[in-house]
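After the structure tokens below, expect a handful of questions from me.
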Amino acid sequence: MSGPFLPPIILSQTEIETVGLQPGGRLRLLDGFLLGDQRVIAAAESDAIATVRSMTAEADAIRKDIEQLNAQLAQLPSIEEQLAQLAPHEQQLAALSADAQAKTGQLNILSGTISLKGVASAAVQRFEAAVANWRATLTRVQTMAGAEGWPVNAGADPLGDARTRVAKAHQYIAAALQELAAVEAATGQIASALDSEKIGYEDQARALRRDIEGLQTGADNIARQGQALRERKAQLESLRGVLATRVAAMQSAAARRSAALDAGFLAAMRKSGVRAVEDMSHMHGNPMDSVPDDVLLAWCEADAAIRYPVAAATITLFRRPEEKTPRQWTPAARLVLEKAPDRVQVLAEFLRRFRPRTWTGSRAAIIETNARMLDELDFGGDTAVIDFVQQAKKGLMEAVAEEQRWETQRDRRRDERFE
């Protein structure tokens with residue numbers, strides 16, 4: 001055999017008996033045989049949670065973009081109304097003389113060109129910002145976190161080829177950053193050129209407006225107002241395509257987030273049961289707490305019959321708002337129970353968790369406290385649910401009595417053994 005030798009842990013008879021006195025201790029001994037599987041499940045859950053967090057952050061950013069775009073597009077009706085009110089004045093101005101009409105036509109052409117350049121400049125600037133943001137993101141993550149050298153006492157390093165490939169990956173990322181920097185610089189030059197062209201056309205438009213103003217007092221103001229309104233309208237209409245793109249990106253982020261919940265953490269949880277999640281909750285906190293309530297509900301609604309019971313089996317049910325204050329139902333637990341199509345099935349999953357497999361102190365007291373929490377729920381007169389809860393409370397109190405008898409016998413045996 002090769003590899004480091006891990007000496008076994010040897011327990012004395014007294015230590016074994018002490019561990020075996022508690023059900024939690026006995027379960028921990030059994031869990032040791034499944035440690036490898038639990039590590040795989042924990043890794044899958046961590047990857048899924050990271051993906052959900054990333055997709056949630058991305059969706060929030062896209063949602064803000066969509067709100068801003070909708071706010072800008074809401075200006076279109078007002079601009080169109082102003083253009084309609086301005087149209088008679090522009091027609092009157094054009095009819096004053098053939099010269100004024102010709103200059104107005106030239107000004108309209110220039111206005112269209114200026115609008116075109118403005119839209120193009122805005123698009124180039126958005127592209128430049130996207131490239132800069134991408135490059136900044138790659139810069140932050142270009143170094144692989146957690147890499148370490150091979151331990152001296154671990155024998156030959158089998159990761160030599162892998163480390164070489166990682167080095168190549170760093171080279172590729174460096175090349176990508178260099179290419180993106182070049183793209184960003186080139187895009188900046190394009191934006192500057194477009195701005196320069198737009199300024200030149202605006203200078204020509206100003207000259208025409210001065211000529212038109214010489215033909216009629218106030219013409220410059222009318223022409224300037226019409227040009228500004230048409231340019232703004234063109235820019236806003238160009239945002240419709242941007243809005244469609246952001247909506248599609250929002251849908252994609254939501255779909256990938258749901259896929260992460262399906263294929264990663266929750267898929268592994270369903271495959272192995274909820275035991276791993278419960279154990280992890282005792283040691284590191286419930287990973288489901290990392291999933292926002294709205295994301296959890298959206299995921300459940302996509303396959304309500306299956307996903308609401310899965311959520312009920314894993315979410316945190318109770319939490320203390322402050323230390324030494326009474327426990328309360330978590331918002332996630334109340335929402336899952338309220339929105340589920342089969343509330344009896346959700347309650348059944350809740351009740352299954354009212355009898356913990358690992359605990360400290362009196363299990364009877366824990367079950368009794370959990371049973372009382374059912375009184376905090378409002379079932380809206382649903383007789384089927386109310387009957388189910390009443391039967392469940394009766395069964396819980398019977399379990400409390402049985403646990404109290406067992407605890408009394410256990411304490412008596414322990415006292416006799418140590419006397």
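The values are calculated or read from the model by the stated rules, or taken from the named source; none is laboratory data. Since the structure is predicted, the reported quantities are computational estimates derived from the model, not experimental observations. Neighbour counts run over all protein chains shown; Cβ positions are idealised from the backbone, glycine included. Heavy atoms of the whole protein, side chains included, go into the accessibility calculation; ligands, DNA and RNA do not. Shrake-Rupley method; radii C 1.70, N 1.55, O 1.52, S 1.80 Å.
Kindly provide the set of residues from region 346-368 that are hydroxyl-bearing (Ser, Thr, Tyr) and open to solvent by less than 60 Å² (accessible area, probe 1.4 Å), ordered by number. Let's see the steps before the verdict.
We begin by selecting, within region 346-368, every residue hydroxyl-bearing (Ser, Thr, Tyr); these are 358, 360, 362.
The answer is Thr358, Ser362.
Also, quick follow-up: Check region 313-326 and report whether any residue there is in contact with a Ser or Thr (Cβ under 6 Å, 6 or more places away or on another chain), modelled with pLDDT under 90 and open to solvent by less than 50 Å² (accessible area, probe 1.4 Å).
yes
Then there's this: Among Thr139, Thr143, which is open to solvent by 60 Å² or more (accessible area, probe 1.4 Å), closer than 29 Å to Glu58 by Cα and not in a helix (DSSP H, G or I)? Can you show your working first?
Numbers: Thr139 fails: not in a helix (DSSP H, G or I).
Answer to the check: Thr143.
Here is a further query. Among the residues of region 251-288, which ones are polar (S, T, N, Q) and either open to solvent by less than 20 Å² (accessible area, probe 1.4 Å) or modelled with pLDDT under 70 (or both)? First the steps, then the outcome.
First pass over region 251-288, keeping only residues polar (S, T, N, Q): 251-252, 258, 272, 281, 286.
Within region 251-288, Ser272, Ser281, Asn286 meet the criteria.
Filter region 289-312 down to residues that are open to solvent by 60 Å² or more (accessible area, probe 1.4 Å) and in contact with an Asp or Glu (Cβ under 8 Å, 6 or more places away or on another chain), then give me how many there are.
The total comes to 1.
Please tell me if Ala340 is under 25 Å from Trp359 (Cα atoms) and either at pLDDT 85 or above or open to solvent by less than 20 Å² (accessible area, probe 1.4 Å) (or both). If you could, list the steps in order and put the result at the bottom.
Values: under 25 Å from Trp359 (Cα atoms): no; either at pLDDT 85 or above or open to solvent by less than 20 Å² (accessible area, probe 1.4 Å) (or both): yes.
No; evaluated as a whole, the condition is false for this residue.
Considering only region 108-124, I want to know if a residue exists there that is open to solvent by 40 Å² or more (accessible area, probe 1.4 Å), over 30 Å from Gln227 (Cα atoms) and either among the β-branched types (Val, Ile, Thr) or assigned to a helix (DSSP H, G or I) (or both).
Scanning region 108-124, I find no residue that is open to solvent by 40 Å² or more (accessible area, probe 1.4 Å), over 30 Å from Gln227 (Cα atoms) and either among the β-branched types (Val, Ile, Thr) or assigned to a helix (DSSP H, G or I) (or both), so the answer is no.
Then there is this: So which residues in region 50-59 are within 16 Å of Leu297 (Cα to Cα) and either surrounded by fewer than 18 Cβ atoms within 10 Å (Cβ to Cβ) or modelled with pLDDT under 75 (or both), if there are any at all? Give the derivation first.
We begin by selecting, within region 50-59, every residue within 16 Å of Leu297 (Cα to Cα); these are 52-53, 55-56, 59.
Matches in region 50-59: Val52, Arg53, Met55, Thr56.
Of the residues that make up region 163-181, is at least one basic (Lys, Arg), modelled with pLDDT under 90 and within 24 Å of Asn108 (Cα to Cα)?
no
Determine which single condition Arg334 fails, assuming it passes every other condition in (1) surrounded by 20 or more Cβ atoms within 10 Å (Cβ to Cβ); (2) within 25 Å of the chain's Cα centre (by Cα); (3) of a type outside the set (Ser, Thr, Tyr).
Unmet condition: (1).
I'm checking my understanding of the structure. Among residues of region 146-171 that are among the small types (Gly, Ala, Ser) and outside any helix (DSSP H, G or I), which one is surrounded by the fewest Cβ atoms within 10 Å (Cβ to Cβ)?
First pass over region 146-171, keeping only residues among the small types (Gly, Ala, Ser): 146-147, 149, 154-156, 160, 162, 167, 169.
Next, from what is left, pick out any that are outside any helix (DSSP H, G or I): 146-147, 149, 155-156.
Values: Gly146: 4, Ala147: 9, Gly149: 8, Gly155: 11, Ala156: 8.
Taking the candidates together, the pick is Gly146.
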